[in-house]
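The values are calculated or read from the model by the stated rules, or taken from the named source; none is laboratory data. This is a predicted model, so every value here is computed, not measured. Using ideal geometry, Cβ is built from the backbone for each residue, glycine included, and neighbour counts are taken over all protein chains shown. The accessibility values were calculated without ligands, DNA or RNA, using every heavy atom of the protein model including side chains. Shrake-Rupley method; radii C 1.70, N 1.55, O 1.52, S 1.80 Å.
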Amino acid sequence: MRIRDMTDQCPELKPAQRHSALPVARLYSHCDPAELPFHSTDELEPLGEHLGQDRAVEALQFGLQIPHDGYNIFMLGSTGVGKRELLAKLLNKESAVPQGEVSDWCYVNNFKSPDKPVALRLPRGMGRQLRDDMTQTLEDLLGIMPATFQSDEYQARVQELAEQYQSREKEAFSVLAEKAKEKQIAMIQTPSGYTLAPVKDGEIIKPQDFEALPEKQRLQSMEVIEGLKEELKVIVRQLPSWKKESRDLFKELNKEFSQLAIDPVMNELKEKYKNYPDVLVHLDAVHSSVMDEAEAFTQVPEESAIPDNLKQRVREFPQYSVNVLVDNQDLPAAPVIHEDNPGFANLIGRVEYVSQMGTLTTDFTLIKPGALHRANSGYLILEADKVLTSPYAWMTLKRALKAQEIRIQSLEQIFSFMSTVQLQPEPIPLNVKVVLAGDRYIYYILQQYDPEFSTLFKVAADMSEDVSRSPESSALFARMIKTLQDRDKLLPLDSGAVARVIEYAARRMEDSEKLSLHQGRLSNLLTESDFRARQAGADIIDADHVNGAAEAATHRMDQFREKSHEGILRDIMLVDTAGSAVGQINGLAVYLLGDYAFGKPSRITATARLGPGKVLDIEREVDLGGKIHSKAVMIISALLANRYARSQPLPLSASLVFEQSYGGIEGDSASVAELVALISAIAGIPIRQDLAVTGSLNQHGQVQAIGGVNEKIEGFFDICFSRGLSGTQGVVIPQANEVHLMLRQDVLDAVAASQFHIYCADSIDRALELLTGYSAASIDNCVLARVEELQKLAKEYNNKGDDKDDD
């Protein structure tokens with residue numbers, strides 16, 4: 001049941017003076033193609049600088065040049081505003097200034113502690129050279145060593161040592177044999193050694209014959225044999241020491257010949273790197289190890305006898321290889337690294353494993369670099385959200401920047417999840433400038449909650465999202481279009497298309513005096529316009545192609561809007577667009593779906609009755625109203641009391657609600673609508689239903705700007721157009737939002753034909769007059785009369801209550 005129209009009880013109501021609607025020229029800021037000094041973008045030069053980004057460029061130049069610790073950079077700006085493109089211009093890979101000496105970094109074997117590989121810093125390009133030289137040295141040794149130990153001289157020396165040992169052994173046994181012979185004892189060599197036997201007439205006495213000898217003779221022979229046995233034992237005991245002496249001599253011989261082969265090769269290599277002390281220390285360790293392992297170099301498998309297979313044999317000696325972690329030989333300037341996947345291992349590097357016989361093994365050759373290694377002495381560019389959402393990446397980055405070193409560790413090592421022995425590569429000194437790029441809210445969250453952030457990222461480069469619209473900026477904007485055209489290899493745009501793109505950029509900013517600098521959206525529009533032009537067989541993009549691309553992009557996302565409006569058009573969602581009603585008004589809301597927004601009208605109703613002066617926000621009571629909306633209702637309550645009951649209590653209770661809203665309500669843009677509905681409900685004055693209104697209020701009744709004004713107007717227009725334009729329908733908006741108007745062409749056409757109207761209001765008085773048709777002063781009188789009536793009623797009830805108490 002609707003609230004009764006009480007205007008017949010307010011004879012003092014007077015018609016409001018006529019308020020003019022905005023002319024169509026003020027609803028859209030056109031860009032005249034004739035004012036653009038070109039016919040096609042092919043006539044333009046690409047934009048050399050970044051339009052509107054002077055502040056960010058100044059901050060970047062400062063941050064990139066200052067050499068002190070902690071002056072890393074955070075680039076603030078929305079995704080697609082052009083952060084990476086700006087960095088690419090300032091950090092040209094061909095001319096980026098190094099943060100220090102750009103070096104190669106290598107890991108080599110630690111022969112004393114193989115689990116702690118040694119890091120070598122070398123001048124740019126020398127890492128690859130050292131690796132190749134080490135490989136060549138091993139090939140040389142694998143070729144020289146077998147030849148050396150197969151030489152006639154070596155074989156003769158080996159034969160000589162063997163003969164010396166054999167002659168010494170033979171001589172000792174020969175002397176003993178002669179002594180035995182003189183004593184009629186024969187020394188016989190058997191497979192198991194030597195034995196002694198008595199002899200008679202040159203023949204060995206048989207055991208039975210020996211037993212037949214006289215006892216004295218037999219005892220004498222046994223005594224001689226026992227004595228000879230002791231001498232034989234002495235000789236046998238000396239054999240191992242003689243053999244050891246022979247082996248030692250053999251080792252000395254091998255060492256001598258190894259030195260003859262190895263020293264020239266290694267000394268040549270050392271001479272080449274004599275100016276690099278760390279390399280010399282490593283080469284000395286290699287030299288010593290090769291001497292110890294010389295025998296391995298002399299082995300020549302049958303299949304590896306040809307020189308071509310030496311490269312394969314080099315792989316058998318990984319302990320002597322050089323793992324070039326960072327090779328900057330081909331860099332023309334400082335390294336500039338964009339890491340798109342800044343995970344834990346991708347930042348600081350990792351140690352890989354290989355499976356051998358079912359067991360995972362590793363060594364220094366399996367150490368892989370991270371982005372910090374590759375960017376050392378240069379610049380590392382990271383996406384802030386990716387770093388923060390990668391487990392332990394942010395913590396690891398901060399630790400490396402604070403310690404100024406890169407320590408390769410696994411998460412298992414950091415958290416002690418594994419007790420097995422793992423590689424602990426020597427940390428590498430870090431000198432890098434890190435540039436984090438992210439949205440503003442990430443920057444401010446880090447500033448607020450991470451105390452280390454402000455000490456490590458002292459420079460903020462704030463990207464501008466817009467630029468003031470002027471002939472000069474429009475010309476520069478056209479050159480930015482040319483830059484994107486060349487980058488993406490698109491067809492040229494004629495002046496009409498450029499003018500349409502400029503208007504589109506103003507619409508995206510919701511401000512006719514601004515241009516959006518969001519290159520992502522701009523690039524999408526240009527790419528889709530190019531596609532439509534090519535489909536049509538055109539060789540240039542015109543305004544129709546741009547319009548078609550923009551409309552198609554909207555249509556792809558427009559289904560939700562259509563379904564939402566369909567509910568209103570089928571009278572499922574109640575919204576009137578004609579007639580008038582008391583305590584009922586058309587408010588306007590904007591729905592944001594990612595990058596897409598649309599407007600929709602909604603019915604707001606109010607009731608008023610005798611009560612203690614409270615305005616009930618039903619949305620808030622059921623937890624559907626947000627804090628900003630609740631604040632707006634409180635402002636309305638204060639404004640209502642201040643306007644109509646400054647010196648006495650306001651004797652009424654009122655309620656406000658968004659009808660048929662089943663989700664949260666937030667924002668203050670319905671403040672004007674809610675107050676008008678309340679005043680209508682109090683005074684019983686009807687509100688025009690062919691108008692919708694949006695606007696915020698302050699306590700003094702001034703109408704304040706709101707967001708999404710274009711979408712809100714277009715949302716109400718779509719409903720009116722679908723039902724049929726009456727010529728009286730329109731929207732009331734804040735005066736301050738006039739500058740934001742960039743309405744669709746169909747709305748402009750309807751306004752031009754006087755079928756739809758846009759009104760501006762700078763105060764609640766003007767909004768009341770537009771929405772009711774009565775003057776604000778007469779409405780106030782009517783409300784005051786109603787308030788006075790309620791005051792009398794309140795006193796009557798109070799008096800009745802007092803009389804009952806007396807009884």
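General observations
- Here the Karplus relation 6.51 cos²θ - 1.76 cosθ + 1.60, evaluated at θ = phi - 60°, turns the backbone of the stretch 34-47 into coupling constants of 5, 7, 7, x, 7, 9, 8, 5, 5, 7, 9, 8, x, 6 Hz, with x for every Gly and Pro.
- Extended-chain gain in nm, criterion 0.36 nm per residue less alpha-carbon gap, M557 and E252: 101.2 nm
- Close amide-amide hydrogen proximity is noted between E405 and L430, each under 5 Å apart and 5 or more residues distant or on a separate chain (H modeled in the peptide plane; Pro and chain starts excluded).
- Net charge contributed by nearby residues that have their C-beta within less than 12 Å of K368 (K/R +1, D/E -1): +1
- Computed over the stretch 457-581, relative contact order equals 25 percent, with contacts defined as Cα pairs under 8 Å that lie 6+ residues apart.
- For the stretch 56-156: relative contact order, % (alpha-carbon pairs under 8 angstrom, 6 or more apart): 14
- Cα-Cα over 18 Å, subset of K93/K368; K311/K368; K563/K600; K600/K712; K116/K270; K89/K398: K93/K368; K311/K368; K116/K270; K89/K398
- Amide hydrogen neighbours beyond the local backbone of S580, cut-off 5 Å, H modeled: Q689
- Amide H contacts under 5 Å for A96, placed H, 5+ residues apart: A334
- Sequence of E796, E510, E268 from largest to smallest accessible area, 1.4 Å probe: E268, E796, E510
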